[in-house]
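As structure tokens, the structure follows; a few thoughts come after it.
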Amino acid sequence: MSRASALRVLSDAEIAEVHEAALKVLAEGGVFIDYPRALEHLAAKGARVDATSGRVRIPPRLVEESLRACPSSFALYDREGREALRVGGDEVHFATSSCAIRYQEGAAARPSRAEDLVRLVRVADALPQIDLVSTMVVAGEAPKTLADTYRLYLVLANSPKPVITGAFSRQGLPDMKSLLDAVTGGRTADAPLAIFDACPSPALKWTAISAANIMDGAAAGLPVEFVSMPMPGATTPATLAGSVVVHTAETLSGVVLAQTVRPGARLVWGGAPVGFDMRYGTTPLSSVEAVLLGVASAQMGKHYGLPTHTYAGLSDSKLLDAQAGLETAFSGTAAALARVNLIAGAGALDFVGTQSLEKLALDAEAAGIIQRLLRGVDVSPETLAADLIRELGPGADYLSQPHTRRFFRAESHFPGPVLDRLDRKAWEERGGSDALARARTRVETILKETEARSLDPERAAKLDQAMRRVMDARGCAALPFVAG
Amino acid sequence: MGQTLQDLREAILTADDVAALASTRELLAAGVEPRVVLEEGLAAAMLELGRRWNRGEAFLVEVVASADVFRQCGEVVEPVLLARGQKKAGRLVVIGTVHGDLHDLGKNIVGAMLKTVGFEVTDLGRDVSAERFARAVAELKPHLLGLSALLTTTMMEQKVVIEALRDAGLRDRVKVLVGGAPVTAEWAAEIGADAYAANAPQAVEVALGLVGAGGDGR
């Protein structure tokens, strides 16, 4: 249960102002959609469409109708068909980052490969603080035409946790659904295991692929998550308020596209807000501006009654160092206090371009601490313990009290082996390791001693068959781990 | 009155388009060689801006603004230069974001930064088809072609462009530089690009290494 009060950076009046501004942008300026099928569809639903320019102006009435059709929460299932978690309300879940192209090795990063993703998935699966496993890196061995499907293949084969993923092409979505159907026995729409990301191109543009993924995903009953990426001063106004307006307008246009295809479609109000550092032209996801944008955008999503997501709890550092710890804990705490339902970022370094096993282990510790923070302070006659305090009086020994034995577990969070709480002497005797070394040990222990939660042979064969069909269609003869 | 090249450089550096254009026109009217205005005024200012950027003293928004003023002034100088039978000194780079991709920020930054070292930059915009890239290479004869793709979904198009160049018999006439968030050196090698750059400053470095800036460039 969430007790700590929610972090808000917009007042109710300011939320209403952002809403009005976004409606105005959508109705009068509109969005650009590079996909004729979406243009025809939206025109039929009452949007003002200029087919030549691709500009779609959406009347407020259509936005309001679409919002009313959105479920305020939905269940995600694990690979075994059990309900794993609900997305919505005040629940906060931590997910690994997605879409990295590099794998961290020591202080260096190299292009990621299939075996890297398998290791990352196995470690994320074994870390109890990580609730969802995203398709964290692309496998360099896979041809680009099926790299999206192959990522999902490796995740499904190695972890039962719910998944956040996304397609790289229009065909990618049905291909990936065929993999999900193989492991769920065709129950992908009834008991969804994976959320599909669809990213607008800031500001206010949808590519043909994203628009197709939204329409096809909604039609197929797959949960769709909109990941708007405002970039203040570059692709959105330099003001945070203006950037939230763009984020809101983009996401609302996605909501309209999905809900007019299939009313009641499961959607997530997501985001990948960044800062834009004018000194380097870089886009830090853990900048304080990105954090403010993430919280503000989540407030908008909550205002509309949608489940929310943001990238947070990550770092732009190039290695697991003090900066990585600082940025991860800061942005993760802020997003969690805002009660963003899905916080994606565990394991990410370097503007989500690089994924690190050791960072995954460290970030799981942060997620554990943050979940405890959210539980806040439990106040009741028993926890206040006024009678006990009065009875025992000054100088009491609480260590020997039954009250202590009764409550200490529920009240305390015990971090895992990555965080050090030994006294100096004990710490020195055990090698005087730093957090990076302990994270490495944690990862090695998991990989060596934890049994992989692989798919059972029967479904593994079906998954391989589904992957094979996609490979055959793309002229790909062989890929690591896929049975011949 | 009595505009100097220093005034022009200052106006470019502060992205004061009104002052820069006035200064450019006045210098030309006063009989200063157009080549001198271009090289010692406009290009020199952009080179200085590039040096400031590298020292962390210039902000990107300022580089982009100055590059735009630089372009406007260049358009004033160019006809005078051509009338004297002279050509621009800078080497030509054609850039664009590939088909299906609507992101152009990274490409715009690269374009602005290339100008800071003296390249002449023609920007084809975003969502540019392979045919259009090939046509631009045939018609403009650039030294360098820069292909941007931000999405994992669209980086395939970089390969399509290179194949289109090959099919049109143009591949040997131009160096191809690829970039964008999901792009890697391995990908560049796989699709037969000449080079890869991870960010705008690196794109400048790589471009200089591949073809040199020509003219006043380093």
*Just for the Cα atoms in chain B, what are the lengths along the principal axes, largest first, rounded to whole Å?*
56, 38, 27
*Per residue of chain A, what 222 nm ellipticity follows from adding -39500 (n - 2.57) for every DSSP H run with n ≥ 4, rounded to the nearest 500?*
-14000 deg cm²/dmol
*Just for the Cα atoms in the range A:390-465, what are the lengths along the principal axes, largest first, rounded to whole Å?*
71, 33, 14
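Using Cβ contacts closer than 10 Å as the measure, can you line up B:39, B:57, A:449 from fewest to most? Before the final figure, lay out each step's value.
On the way: B:39 19, B:57 11, A:449 8.
Starting with the residue having the fewest Cβ neighbours, the order is A:449, B:57, B:39.
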*Taking amide hydrogens as modeled 1.01 Å from N in the peptide plane, which residues meet the under 5 Å criterion relative to residue A:206, leaving out close sequence neighbours?*
A:32, A:33, A:34, A:201
*Under a GNM of chain B (C-alpha, springs under 10 Å), which listed residue has the highest mean-square fluctuation: B:188, B:29, B:197?*
B:29
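Counting alpha carbon pairs within less than 8 Å and at least 6 residues apart, what relative contact order, in whole percent, applies to chain B?
Numbers: 384 pairs, mean separation 41.8, N = 218.
Relative contact order of chain B: 19 percent.
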*In terms of modelled amide H atoms, which long-range or inter-chain residues lie less than 5 Å from the amide H of residue B:97?*
B:125, B:126, B:127, B:128, B:148
*Taking the Cα centre of chain A as origin, sum charge times position over the Cβ atoms of Lys and Arg (+1) and Asp and Glu (-1), and report the length of that vector in debye to the nearest 20.*
740
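Computed over the Cα atoms of the range A:306-380, what is the ratio Rg over Rh, Rh following Kirkwood?
That ratio is 1.02, to two decimals.
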*Can you give the angle from 0 to 90° between the axis of helix B:156-167 and the longest principal axis of chain B, with both taken from C-alpha atoms, to the nearest 10?*
80
*Normalized C-alpha radius of gyration of the protein assembly as shown, against 2.2 N^0.38 Å?*
1.04
*Dividing the Cα radius of gyration by the Kirkwood radius, what Rg/Rh value follows for the range A:210-267?*
1.08
*Compare the Cα positions of A:6, A:256, A:112 along the charge dipole of chain A (+1 at Cβ of Lys, Arg; -1 at Cβ of Asp, Glu; about the Cα centre) and return the one farthest towards the positive end.*
A:256
*For the range B:11-17, just list the computed ³J(HN,Hα) in residue order, Karplus coefficients 6.51, -1.76 and 1.60, θ = phi - 60°, integers in Hz, with x standing in for Gly and Pro.*
5, 5, 4, 9, 6, 8, 5
_Only counting other Cβ atoms within 10 Å, I'd like A:58, A:389 sorted with the fewest neighbours first._
A:389, A:58
*Relative to the first principal axis of the alpha-carbon coordinates of chain B, what is the inclination of helix B:130-140, with its axis defined by its Cα atoms, in degrees from 0 to 90 and to the nearest 10?*
40
*For the range B:92-211, treating each Cα as an identical point scatterer without solvent, what Debye log10 I(q)/I(0) comes out at q = 0.13, 0.19 1/Å?*
-0.39, -0.91
*Estimate the FRET efficiency between residue A:141 and residue B:210 by the formula 1/(1 + (r/R0)^6), using the beta-carbon distance for r and 35 Å for R0, to the nearest 0.05.*
0.75
_Sequence gap at least 6, Cα distance under 8 Å: using those rules, report the relative contact order of chain A to the nearest whole percent._
19
*Per 10 Å bin, what is the whole-percent P(r) computed from every C-alpha pair distance within the range B:5-83?*
21, 55, 20, 4
*Would you order A:476, A:70, A:199 from fewest to most other beta-carbon atoms within 10 Å of each residue's own beta-carbon?*
A:476, A:70, A:199
*asked:* Ignoring solvent entirely, what values of log10 I(q)/I(0) come out of the Debye formula for the range B:124-193 at 0.11, 0.16, 0.18, 0.21 Å⁻¹ when each Cα is a single scatterer?
replied: -0.22, -0.47, -0.60, -0.83
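Counting only complete DSSP H runs, which helices of chain A cover 27 Å or more along their long axis at the Cα atoms and score a mean Kyte-Doolittle of 1.0 or above?
Both cut-offs are met by A:240-261.
Under the rule of -39500 (n - 2.57) per DSSP H run of 4 or more residues, summed and divided by the residues of chain B, what mean residue ellipticity at 222 nm is obtained, to the nearest 500 deg cm²/dmol?
-15500 deg cm²/dmol
Throughout, read-outs are computed from the coordinates displayed, never taken from laboratory work. What you are looking at is a predicted structure, and each value in this text was computed from that prediction instead of being measured. Note that we place each Cβ from the backbone using ideal geometry, even for glycine, and neighbour counts take in every protein chain shown.
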